[in-house]
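Structure first, commentary second.
Coordinate-derived values only; no laboratory data. Computed from a predicted structure; not experimentally measured. Cβ sites come from the backbone with ideal geometry, for glycine too, and all protein chains shown count toward neighbours.
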Protein chains: 4
Amino acid sequence: MRVGVLTGGGDCPGLNAVIRGVVRKGAQEYGYDFVGFRDGWRGPLENDTVRLDIPAVRGILPRGGTILGSSRTNPLKVSDGIRRIKDNLAKQEIQALIAIGGEDTLGVAARLSDEYGMPCVGVPKTIDNDLSATDYTFGFDTAVNIATEAIDRLHTTAESHMRVLVVEVMGRHAGWIALHSGLAGGANVILIPEQRFDVGQVCEWVTSRFRSSYAPIVVVAEGAMPKDGEMVLKDDSRDSFGHVRLSGVGEWLAKEIEKRTGKEARTTVLGHVQRGGTPSAFDRWLATRFGLHAIDCVHEGDFGRMVALRGTDIVRVPLTEATARLKTVDPKLYQEAGVFFG
Amino acid sequence: MRVGVLTGGGDCPGLNAVIRGVVRKGAQEYGYDFVGFRDGWRGPLENDTVRLDIPAVRGILPRGGTILGSSRTNPLKVSDGIRRIKDNLAKQEIQALIAIGGEDTLGVAARLSDEYGMPCVGVPKTIDNDLSATDYTFGFDTAVNIATEAIDRLHTTAESHMRVLVVEVMGRHAGWIALHSGLAGGANVILIPEQRFDVGQVCEWVTSRFRSSYAPIVVVAEGAMPKDGEMVLKDDSRDSFGHVRLSGVGEWLAKEIEKRTGKEARTTVLGHVQRGGTPSAFDRWLATRFGLHAIDCVHEGDFGRMVALRGTDIVRVPLTEATARLKTVDPKLYQEAGVFFG
Amino acid sequence: MRVGVLTGGGDCPGLNAVIRGVVRKGAQEYGYDFVGFRDGWRGPLENDTVRLDIPAVRGILPRGGTILGSSRTNPLKVSDGIRRIKDNLAKQEIQALIAIGGEDTLGVAARLSDEYGMPCVGVPKTIDNDLSATDYTFGFDTAVNIATEAIDRLHTTAESHMRVLVVEVMGRHAGWIALHSGLAGGANVILIPEQRFDVGQVCEWVTSRFRSSYAPIVVVAEGAMPKDGEMVLKDDSRDSFGHVRLSGVGEWLAKEIEKRTGKEARTTVLGHVQRGGTPSAFDRWLATRFGLHAIDCVHEGDFGRMVALRGTDIVRVPLTEATARLKTVDPKLYQEAGVFFG
Amino acid sequence: MRVGVLTGGGDCPGLNAVIRGVVRKGAQEYGYDFVGFRDGWRGPLENDTVRLDIPAVRGILPRGGTILGSSRTNPLKVSDGIRRIKDNLAKQEIQALIAIGGEDTLGVAARLSDEYGMPCVGVPKTIDNDLSATDYTFGFDTAVNIATEAIDRLHTTAESHMRVLVVEVMGRHAGWIALHSGLAGGANVILIPEQRFDVGQVCEWVTSRFRSSYAPIVVVAEGAMPKDGEMVLKDDSRDSFGHVRLSGVGEWLAKEIEKRTGKEARTTVLGHVQRGGTPSAFDRWLATRFGLHAIDCVHEGDFGRMVALRGTDIVRVPLTEATARLKTVDPKLYQEAGVFFG
C-alpha cells in the first residue's frame, strides 16, 4: 500500500506530530510506503513530492511547522485541478491519501472522496478550535498557553503604570482563544466575535477595575466587532495581495478607551507568535493520536472519514462534517466568564 | 449564606484558581460570605480559619500551591473527629462546605454529607488524573507539560553521549503522567503501574534504539513494577515517619539496563517539581470552571455532589463516585503507544 | 537610620528583586527602617508612602513589576518640586534615599545629591541596556529571552509559508535587544537605531535567504530608521497625550518588502510583553546584588553613587555618570553579526 | 584552508551555536572547508568524520547537544594516541583544529599545540562555570535558569505542606550553579563545595525559616560536603564502570534534617535536565560569539589560544590557561548571599 500525506492551510503546532504518528504506525505495523506531497494541494497538483519514511520523521515531534510545507492552494479554483490531482496520484500509485488541514483543505478531500471515489482520510487542523466535529483541535492549546503567558507578563506592566493593556489574540470567527486565554490569564474584559461589544460597557468595566486600584487587561479576539459598526477599518486593511486584514480592533479599542476614560491604554497584537514553535504536551499527544487513528482508518479501508476528539476518545466522523458547521462560543460559556469582568 | 472552603491532600497547580472561582462568583453574584479553613480538614477540626473574600483572592490565579494551606489530616482517624467538625462548623455558622481534594479529602466530605447531613460540595483534585468520574483533573496537564519539557531536554544529553536516560515521573497507581509525557516527549519506552514490565523486553527496546543510532529515553511511573518481583526496595524505602517510599524504580531500572546491555544509563527523578508552580492555561481554565460550578451547586442546594469534566462540559456526579473507582490506563491506550517503543 | 526607597520610569523585570535585596540586608544586618515611596518621584513629592519591611518583601523576588508602583513624574518639571521633596523627606525623617530608575529618575537623584546635599544612592534600570556605566542592566536579559523565544516560534511559521516575518522589538535609541535577540534567534536581518538601514539591501538579504529555500526573519528595533528618511509615520503616530509613538517601523518595513520583493511579509510587534512578568535568573541575580550593594553604599555613607556591573563585579560610579552618555551598539559588534545576514 | 572541529566532554547547551558560528564565518567570509570529527578526540583518533558545511549547520542554533557527538575519550591515555591523531589530521589535510570542550579536551589541545606544533584553537565549555580564564562559560546560564525555575515550582509545594525541600544541583568542585540559582530562586540555604557545611547550622536556618511561617528551600551543590566527614556514601556510589558517583548529598541531607528538626524533608535531584535542551538567549549569544572569534584566531594564525569572555568583550588567552586554575566561588560572594539564609 502506498499512502500520500499532505498538510494544507496555516501553520499550526502539532502538524509534524500527526505526520510522525501516521508514518511510524503505517510503516512499522502495516508495512506501508509513504509519499509526502509538498505545500498542501499544490503537491499533488504539480506532482511535487518529498521522501517520507521513518528516518524522515525522526526528531520532528517537538518541532513546530510542517516538514511537508503548506500552502493555501485550492485545486477547486484551479482549472482542471481535480483531474490533474487524480492523474498525479495515479502516477505516484497512491492508494490512499491523508489530508491534514482546515475547512478548505478538508473540503477538497471531501469532494475528492465523495465525487471522485478517491480514498481519503482527513485530520482536522485549526488553531482557532472552531470545528464542531471535535472537542479540540491540536495547536489550540499551544496558542492558549502562549497568549496566557503573554497576559501574565502584561499584568505587571499594567499594574506598575496603572494603564489599560489591550491584548489582541487570534480568532476571526470564533472567540475560543480569547475566552480560554482570557480566563486563564485573569483578564478583566474578554471580547469575542460571536457577540458584538458595547464600547461604553467595556469602558465601565475598565473604570470599575481602576476603582479597586488595579489595572485592567482587555483580551480581544481579532474578529471581535463593536455593536454599532462604529469601528473604521484602517487604510491598510487589505494586504498587498488584496486580502482583507482583520487586524486593527485592538488598536482601535485602545484609542477609544483612552478617549472615553482618560486613562492611558496600550495594545499588544500577539499575531503569528501564537501559531509557531514547539507544541504543548497536550497538542503533541492529541496530534500523535490523530495520526495513529488516521492510518488505522486507511488500514481498515474506512475512507471519507475524519478523526476527531470526543472526551478522551478518538472517534471518526464523515469528512463532510469537517466543513459543515463552525463551532462558535456558546453564549452560556461566555456569560459564565462574565463574572470576572470589571 | 456563609460558605466554608478547604483544600486537602498534596499540592496541585490550580488549587488557587478553584478558590478564586468559588469566591468571585459566590461573593459577587450570590452575595455569600466565605470562611477559609486552614490546612484541609485540620481547619474545621481545630477551628483554624483564615479570611476569605474578594481582596484575598486577587492575584492568586497564576500561583501554585494553595492560600488555604493543606494537610493530610483525616478526621475519620481522629477520635471524635466528625463531631468536632460539626461543632466548629456550627460555631462558624457555616451553611455549606466546599472541599477541594483527592480521594481521602472527598471521602470525608462524602461521609459528612451522607451520614451527617452536612451540606457539602466536592471539587476533585489529583495530579495523577486517576479519578474515574472526570475526564481530567486540574494539575495533571501542568505535570505532563513539566515532564515533557524535561524529556525534551534529556533527549539531547542521551544523543550526545549515546546513553540510556531513565526518567521517573509521578504516578503510584496509574500511569497517566508517564503515558502522556512519554508520548509527548517521544520516549522510546513507557512503563506504567497498570502493567508489570519485563526487564528483558525493556532491554531489547533499548538495544534496538541504539541500533538505529539513537539513544533511548525510558519514562517510568514511580509505581511501575517489574514482572517477577525481582526489584529489591532500597533500605531507605521508608521515610522518617515510617511511610513506604515508592521511589527507586528509576534508579533500579537504570542499573539493570547497564548490567544487561552494557550501555551507560542514568536516572532523573522529577519528583516534586511536577506538582508545584504556576498552572498551565488548561489547568487554570479547568480549575476556574470547577470553582464556578461548585458554587453554583451550593446556590442551587445541590449538595453531596462533585463537579467533573466530561468532554468540554462541567457536570455533577455524586460525591461518593469520587472515591468509588480508580481510573487506570486502559490497556488499549497503552498498546496504542507501543508503536513508538524501541 | 531611616531609608527611603522609590522606583521610577518604565516597568522592568527585577525591580522587586532590588527592593528585596535592599530591605533584607538593610533591616537584618544594619537594623535600618525603610519607607517606600509610591510611584517614583510622585511619592516624595506628595508624601505618599507605603510600608516597607521584611514581611512586605517576602515572595516578591520572582514577580514582575514593582510593589512600590512607578510613574514618570519629574519633580524638576513641577513647580517647587525639589523643595517639596526635601520637606517631605524631612517630615518622614529620611536620612538616605535609594532611587531605582533610568536616566530621568537618576538625573533627579543626581541633582538632589549634588545641589541639595541629599544623601542619595542610585540603582540603574533600563530594559534597553543603553547605560554606559554598567555592562548590563537588569530586565535586559529577560527581554532578550522573551524576544528570542518569539523569534524561535516565528521561524516555523516563516518556513511553513515561505513568508518574510518582521519582528519589531524594543529599543528607541539603542539596538541591544535587537542585536542580542536577533543573534540568539538566528535572525537573517537585524536593524538597529545606531545605523540607518537601506531598504534595498534588506530586500537583497531577504531574497538571498529565499534562494537557499529558507524564509527570512527580520528583527528590527523600534527606533531603527531607513536611510533616506523615506519612512512616512502613520497618522496615529501621536498618542492621546500628544507624545510621539515611535512604533510603526516594523509594519512599514513589511509593506516595503512586499512591494519590492513580491514576497508575503508579516509583522509582529512584541511590545510590552518584553518588559513584564517574572525576571530571568540572570536578572534576579543582578538585581538582587544591585540591591545588596546599594544598601552597603548607604551603610558606608558613600552617597551620590550608583551601583554598576563590571565583568562579574558590582562597582560604584558617580550618580552623574548614569545620565552622562548613552551606550549604543558598537559598529564593530554590529558588523560581527552581519555574517548571519541574508 | 581545511579546518577540523570537534566537541568533547559532557553535554552543554550552546555547543551547536559555537559550531554554527565557526562554520558560517569560516565558510562565508574566509572560504574555508571544514571537517567535523565525531565524538570528541575519538574522531581524529579513529579518523571518524562527518560532513560540516553551511547546510549542515542550518537550524542547529536553538538545539541542545552537539551535531558532532561527544565522548570523554582521552588520547593521552591511549597508546600512541597523539601520533595517530597527527597522522589522521594529516590524512584529512587539516591545517587547523578547533577543539570545543572542558579541562580534559582543551588539555589535549594544549599539548598538541605546545609539544607537537599542531595549530589548535580552543573554545571553553563547562556547564559548571569553573574556568578562571573567562567570566562565564556557555551552558551555565541555561543550567541556572532551569534550576531557578525548578526552585520556583518547589516553593509552592514547600509552603503548602510546610516541608523542607532540598534541591541538589550540579557542581562537583564549584558552587556557581547552586549560588546563582539559589539567589535567583530565593533559597533559604545554599551549600557549595568550596565551604564544608555544618548540619547543625543548616538545621538552625531551617527552623528559623519555619518560625516565620514559611517553609525552607535548601539548594545544595552535588559536590558539597558536611564539615565532619560524617556523610556516609551510599553503597551504589560507584557506577557500573567503577566511577565514583558524587550524588547523594541531597538525600543524605534531607534525612539528617528530618532526624534533627522533626520536620518532613524531601529531595529533588535535578540531574541531567540541567545540561540538555535548548540554550538560553545569553548562552546562544555567548556561544555564537565564541565561534566567530575562534575562527578569527584561525584566520589570523593565532594558535595555541582559547577564546574567553571578559565583561562584554571576547578576548584570547593561552590555551594552557584553560586548565591552569579552577574558578571557585569567592568566599566574599558566598558571604554576600548569606543575608538570605534562614
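Who wins for biggest fluctuation among A:T156, A:T105, A:T267 in a Gaussian network model of chain A, springs between alpha carbons below 10 Å?
A:T156
Measure up B:K77/B:K327; C:K25/C:K77; A:K227/B:K125 against 31 Å on the Cα-Cα distance and list the ones that go over.
Check vs 31 Å cut-off fails for C:K25/C:K77; A:K227/B:K125.
Identify, among A:W252, A:P216, A:A178, the residue whose Cα sits farthest towards the positive end of the charge dipole of the range A:143-275, taking +1 on the Cβ of Lys and Arg and -1 on the Cβ of Asp and Glu, with the dipole about the Cα centre.
The Cα lying farthest towards the positive end belongs to A:P216.
Could you line up B:R51, A:R284, C:R310 from fewest to most neighbouring Cβ atoms inside 10 Å?
Listed from fewest to most nearby Cβ atoms, that is B:R51, C:R310, A:R284.
Distance in whole Å from the A-onto-D rotation axis to the closest C-beta of chain A, together with the residue it belongs to, please.
A:T278, 4
Could you work out the mean count of beta carbons from other protein chains within 10 Å of each residue's beta carbon in D:10-20?
On the way: counts 3, 9, 3, 3, 0, 2, 1, 3, 0, 0, 2.
Per residue, the average neighbour count from other chains is 2.
Can you give the charge dipole size of the protein assembly as shown about its Cα centre, rounded to the nearest 20 debye, using +1 on the beta carbon of Lys and Arg and -1 on the beta carbon of Asp and Glu? List each step's numbers first, then the result.
On the way: 164 positive and 172 negative charges, 0 e Å.
The dipole of the protein assembly as shown has a size of about 0 debye.
Find out how many positive minus negative residues lie around D:L131, taking Lys and Arg as positive, Asp and Glu as negative, among other residues whose Cβ is under 12 Å from that of D:L131. The partial results should precede the final answer.
Working: positive: D:K125, D:R325, D:K327; negative: D:E103, D:D128, D:D130, D:D135, D:E321.
For residues surrounding D:L131, the net value is -2.
How are the Cα pair distances of the range A:254-298 distributed, in percent, across 10 Å bins from 0?
Percent of Cα pairs in each bin: 22, 22, 19, 16, 13, 7, 0.
For the range C:140-276, would you read off the P(r) tail past 24 Å as a percentage of all alpha carbon pairs?
24
About its Cα centre, what dipole magnitude does the range C:140-276 give when the only charges are +1 on Lys and Arg Cβ and -1 on Asp and Glu Cβ, stated in debye to the nearest 20? Walk me through the numbers before you get to the answer.
On the way: 16 positive and 18 negative charges, 36 e Å.
Magnitude of the dipole: close to 180 debye.
Could you tally the net charge around A:P279, taking each other residue with its Cβ under 9 Å from the Cβ of A:P279, Lys/Arg +1 and Asp/Glu -1?
Here the charged neighbours net out to 0.
With axes computed from alpha carbons, what is the tilt in degrees of helix C:281-299 against the longest principal axis of chain C, rounded to the nearest 10 within 0 to 90?
Tilt of helix C:281-299: around 30 degrees.
Distances from D:Q28 to the same position in the other copies: list them in nm, one decimal, shortest first, using label points 7 Å from Cα along Cα→Cβ.
Copy-to-copy label distances at D:Q28, shortest first: 3.9, 4.8, 5.2 nm.
I'd like the orientation of helix B:199-211 relative to chain B: the angle between its Cα long axis and the longest Cα principal axis, in ° from 0 to 90, rounded to 10.
Approximately 60 degrees, to the nearest ten.
Please give every one of the lysines within straight-line cross-link reach of B:K263, meaning a C-alpha to C-alpha distance under 19 Å, and leave out same-chain neighbours fewer than 8 residues apart.
Here the lysines satisfying the reach criterion relative to B:K263 are B:K255.
Please report, to one decimal in angstroms, the Kirkwood hydrodynamic radius of the range B:279-342 built from all distinct Cα-Cα pairs. Let's see the in-between values first.
Details: mean 1/r = 0.0705 Å⁻¹.
One over the average 1/r among Cα pairs gives 14.2 Å for the range B:279-342.
Quick one: label points 7 angstrom along Cα→Cβ at D:P331, distances to the other copies in nm, smallest first?
Relative to the other copies, D:P331 has label-point distances of 5.0, 6.6, 7.6 nm.
Where does each of C:I127, B:I100 land when they are ranked from fewest to most other beta-carbon atoms within 10 angstrom? The partial results should precede the final answer.
Details: C:I127 27, B:I100 32.
Ordered by Cβ neighbours within 10 Å, fewest first: C:I127, B:I100.
For chain D, what does the equivalent ellipsoid look like in terms of its semi-axes, each the square root of 5 times an eigenvalue of the Cα gyration tensor, given largest first in whole Å?
That gives 41, 20, 17 Å for the three semi-axes.
Just to be sure I understand: with springs between alpha-carbon atoms less than 10 Å apart, which residue in D:H161, D:H180, D:H272 has the highest mean-square fluctuation in the Gaussian network model of chain D?
Answer for the Gaussian network model of chain D: D:H161.
Pull out a ≥ b ≥ c, the square roots of the eigenvalues of the alpha-carbon gyration tensor of the protein assembly as shown, then state rounded if a/c is under 1.5, prolate if not and a/b is larger than b/c, and oblate in the remaining case. Walk me through the intermediate numbers first.
Values: a/c = 1.12, a/b = 1.03, b/c = 1.09.
Rounded.
Along Cα→Cβ at 7 Å, what distances in nm separate the D:D228 label point from those on the other copies, shortest first?
4.5, 8.2, 8.2
How many partner chain Cβ atoms sit within 10 Å of a residue's Cβ in peptide B:209-220, on average, as a whole number?
Mean partner-chain Cβ count within 10 Å for B:209-220: 1.
Given H placed on each backbone N at 1.01 Å, which residues far from A:G277 in sequence or on other chains put an amide H within less than 5 Å of it?
Distant-sequence amide H within range of A:G277: A:G64, A:G65, C:T156, C:T157.
Taking beta carbons within 10 Å but only from partner chains, what does the mean come to for residues B:142-155?
6
Stokes-Einstein diffusion coefficient for the range A:47-93 at 20 °C in a medium of 1.002 mPa s, Rh from the Kirkwood formula over Cα pairs: what value in µm²/s?
Taking Rh from Cα pairs, D becomes 164 µm²/s.
Helix A:103-116 against the longest principal axis of chain A: what's the angle in degrees, Cα atoms only, rounded to the nearest 10?
For helix A:103-116, the angle is close to 30 degrees.
For the range B:76-150, with only Lys/Arg (+1) and Asp/Glu (-1) charged at the beta-carbon, what is the dipole magnitude about the Cα centre, in debye rounded to 20?
It works out to roughly 480 debye.
Would you calculate the volume per residue, in Å³, of the smallest convex hull containing every Cα atom of the range B:1-115? Could the numbers behind the result be given before it?
Values: hull volume 10.0 nm³, N = 115.
Value for the range B:1-115: 87 Å³ per residue.
Have a look at A:I94, A:I217, A:I190 and tell me which one the Gaussian network model of chain A (Cα, springs below 10 Å) gives the largest fluctuation.
Checking each option, the largest mean-square fluctuation is seen for A:I94.
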